[in-house]
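Working notes, structure below.
The values are calculated or read from the model by the stated rules, or taken from the named source; none is laboratory data. Not measured: the values here are computed from a predicted model. For neighbour counting, all protein chains shown are included, and Cβ atoms are generated from backbone atoms with ideal geometry for every residue, glycine included. These area figures cover heavy atoms from the full protein model, side chains too; ligands, DNA and RNA do not enter into them. Shrake-Rupley method; radii C 1.70, N 1.55, O 1.52, S 1.80 Å.
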Amino acid sequence: MKFLGFLFIALWLPTTQAEPYQYKIHAGDILDVSVWKEEGMLRELRVLPDGSISFPLVGVIVVAGKTVNDVQLELTEKISETIPDPTVNVSVKLAEGNFVYVIGQVKKPGHFLMYQPMDVMQVLSLAGGLTPFAKSNDILILRRKNGISDSIPFRYGDIEDGESLKENHLLKTGDVIVVP
């Protein structure tokens with residue numbers, strides 16, 4: 001009976017494990033796509049600005065915003081209409097479409113490639129940190145979502161003091177950090 005009570009409690013405990021990060025493909029990324037035992041179906045493809053690629057027997061498909069596994073499944077489904085039981089492999093050769101930008105009063109403004117999920121403080125450190133003239137509590141993150149621009153305030157001083165750590169936002173592709 002004690003075992004059942006433990007099992008009941010274990011089922012109601014909240015889980016603390018975060019879902020594993022899965023990279024989403026971006027325009028500009030370079031993909032390696034192949035079909036096993038089909039020599040003519042090996043391609044290195046750059047994802048176009050509209051988020052699409054073109055592949056034999058499939059045509060044009062949109063891959064931006066999808067995981068590698070999602071693209072692999074979609075290609076397998078479409079190719080299987082012509083080739084029985086294809087084994088399709090998709091991999092990201094270069095993640096060249098995952099940039100964020102930093103402008104203003106930082107030591108090294110520019111664009112930075114994110115090879116992993118990164119937050120504002122990490123990217124500001126890549127930019128060499130703030131200059132002495134920076135208005136550290138007036139920083140903005142400019143983000144475009146569905147064609148609409150938005151600005152997210154960022155108070156460097158609060159994060160630096162160990163306060164409001166939840167405000168150290170994870171950045172998304174195309175974000176612009178403006179340091180006045």
Original post:
What do you reckon, is P49 of a type outside the set (S, T, Y), farther than 21 Å from S151 by Cβ and over 25 Å from the mean Cα position of the chain (by Cα)?
Top reply: no
Subject >> Residue list for segment 53-73, restricted to those being surrounded by 15 or more Cβ atoms within 10 Å (Cβ to Cβ), within 18 Å of L42 (Cβ to Cβ) and not aliphatic (A, V, I, L, M) >> reply: F55, Q72
**OP:** Give the residues of segment 97-120 that are aliphatic (A, V, I, L, M), more than 30 Å from L45 (Cα to Cα) and surrounded by 16 or more Cβ atoms within 10 Å (Cβ to Cβ), sorted by residue number.
**Re:** V106, V120
Original post:
Within segment 25-45, restricting attention to residues that are without any contact (Cβ under 8 Å) to a residue 24 or more places away in the chain and charged (D, E, K, R), which residue is least open to solvent (accessible area, probe 1.4 Å)?
Top reply: R43
Original post:
Can H169 be described as touching a strand residue (DSSP E or B) at 6+ places or on another chain (Cβ under 8 Å), closer than 25 Å to G51 by Cβ and in contact (Cβ under 8 Å) with a residue 40 or more places away in the chain?
Top reply: yes
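At pLDDT 95 or above, under 26 Å from the mean Cα position of the chain (by Cα), closer than 17 Å to T173 by Cβ and part of a loop (DSSP other than H, G, I, E, B): is that true of L31 in this structure?
Details: at pLDDT 95 or above: yes; under 26 Å from the mean Cα position of the chain (by Cα): yes; closer than 17 Å to T173 by Cβ: yes; part of a loop (DSSP other than H, G, I, E, B): no.
So L31 fails the test.
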**OP:** Could you tell me whether any residue of segment 74-93 is open to solvent by less than 90 Å² (accessible area, probe 1.4 Å), small (G, A, S), touching a residue at least 12 places away in the same chain (Cβ under 8 Å) and not in a strand (DSSP E or B)?
**Re:** no
Original post:
Does V123 count as touching a strand residue (DSSP E or B) at 6+ places or on another chain (Cβ under 9 Å), open to solvent by less than 30 Å² (accessible area, probe 1.4 Å), farther than 23 Å from L171 by Cα and outside any strand (DSSP E or B)?
Top reply: no
**OP:** Scan segment 156-180 residue by residue and report those that are at pLDDT below 95, farther than 23 Å from N98 by Cβ and outside any helix (DSSP H, G or I).
**Re:** D161, G162, E163, S164
Original post:
Got at least one residue in segment 1-11 being at pLDDT below 95, part of a loop (DSSP other than H, G, I, E, B) and over 16 Å from the mean Cα position of the chain (by Cα)?
Top reply: yes
Original post:
Going through segment 129-148 one residue at a time, which ones are free of Cβ contacts under 8 Å to residues at least 24 places away in the same chain, open to solvent by 90 Å² or more (accessible area, probe 1.4 Å) and farther than 21 Å from G174 by Cβ?
Top reply: P132
